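What follows is a set of notes on a single structure, which appears directly below.
The values are calculated or read from the model by the stated rules, or taken from the named source; none is laboratory data. Nothing here was measured: the structure is a model prediction, and the numbers come from that model. When we count neighbours, we look across all protein chains shown, and the Cβ atoms used for this are built from the backbone with ideal geometry, even at glycine. Accessible surface areas use protein heavy atoms only, side chains included; no ligands, DNA or RNA. Shrake-Rupley method; radii C 1.70, N 1.55, O 1.52, S 1.80 Å.
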Amino acid sequence: MAWTWRFETADGAETSPSVVPEEFTTQGDAESWIGEYWKDLLEGGTEQVKLSDDSGTELYTMSLRSALEA
């Protein structure tokens, strides 16, 4: 199974990430990657991300701005 991130602006429009993601074979790998690069992504204009599996099922949306303010 593959896991992918969708990168979005604050209004939900898709955007290109400032850090190019690798391919993730596990959900944990995808989450570890976002944990490492979320600040760089936020600085590059990504406000929120959505994690999906290879069947297109969206697992959750996470606000990077909220993570910064936490």
Would you mind listing the strands (runs of 3 or more DSSP E) fully within the chain where at least 1 residues are open to solvent by 70 Å² or more (accessible area, probe 1.4 Å) and polar (S, T, N, Q)?
3-8
Every residue in region 27-54 that is farther than 21 Å from T9 by Cβ and touching a residue at least 24 places away in the same chain (Cβ under 8 Å), please.
Q27, D29, D53, D54
